[in-house]
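Engineer: The structure under discussion is supplied below as structure tokens; questions concerning it will follow.
Every number here is computed from the coordinates shown, using simple stated rules; none is lab data. Keep in mind it's a predicted model, so treat the numbers as computed, not measured. Please note: Cβ atoms are built from the backbone with ideal geometry, for glycine as well, and neighbour counts cover all protein chains shown.
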Amino acid sequence: MSRHSVGRILRWSQRVLLIAGTSLVAYCGFVMADAWNFQRVERRRIENLPPVRHAAVSRSPRPRTSPATSGELIGLIQIPRVDLSVVVIEGASAKVLRRGAGHIPGTALPGDPGNTAISGHRDTFFLPLAKVRLHDRITLTTLQGEYSYRVVSTKVVKPSDISVLDQSRDEVLTLVTCYPFYLVGPAPDRFIVRAKRVTE
């Protein structure tokens, strides 16, 4: 192969790499902007609700005319001590988790007896869970009212251990994210935070 041909190949390779790099940066920028805008709009919806009430502990499931649909606003979850505050929407798809935390379908909705499970990415919205401690207070503000929880346990499990989603007779909250938090690349385990409903 001549020196001229090698030079031409190198120039084309540089152009391709430049275009690919620019496209990747543009996509990352779009993803971040989309997530920021989505959080801003949905937070405003929650803030414009009537004054929040502390909902009483449910004795029977709350009636719903239909199940929650993917992308539907569930509420706002906050853990003040670790500075976690993120909008929760229905579903666990890539799009849902790119925009916020996702309520895992098939688990109880906030205020219903059972296990309410919420997942989020360890490198974005759920990164503050790395600092969570026992007895931390969690609030979940929904269209029905504000629900309060206290952290009772944390543990690391394998992705195949779906027992963390098992139902409960009590109102409990389970937060799920990947683990370790600061590992580069796919994480092999899951970090689980379990909290129990409390009333004032």
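Engineer: Which residues, taken from the stretch 70-100, are within 17 Å of Leu127 (Cα to Cα) and among the charged types (D, E, K, R)?
Structural biologist: If the condition is that a residue be within 17 Å of Leu127 (Cα to Cα) and among the charged types (D, E, K, R), then Arg81, Asp83, Arg98, Arg99 are the ones that fit.
Engineer: Sticking with this structure for a sec: What is the number of the single condition among (1) within 23 Å of Glu47 (Cβ to Cβ); (2) out of contact with any Leu (no Cβ under 8 Å at 6 or more places or on another chain) that Ser93 does not meet?
Structural biologist: For Ser93, the exception is condition (1).
Engineer: To continue, here is another question. What are the residue pairs meeting all of these: first residue in the stretch 151-178, first residue without any contact (Cβ under 8 Å) to a residue 60 or more places away in the chain, second residue among the basic types (Lys, Arg), Cβ atoms under 6 Å, and 6 or more apart or on different chains?
Structural biologist: Val152/Arg194; Val152/Lys196; Ser153/Arg194; Val157/Arg190; Pro159/Arg190; Val172/Lys196; Thr177/Arg122; Cys178/Arg122
Engineer: Within the stretch 110-120, is there a residue that is of a type in the set (Asp, Glu), surrounded by fewer than 19 Cβ atoms within 10 Å (Cβ to Cβ), free of Cβ contacts under 8 Å to residues at least 60 places away in the same chain and over 27 Å from Ala35 (Cα atoms)?
Structural biologist: yes
Engineer: Name the single residue that is farthest from Ala68 (Cα to Cα) among those in the stretch 121-177 being acidic (Asp, Glu) and buried (at least 16 other Cβ atoms within 10 Å of the Cβ).
Structural biologist: Asp136
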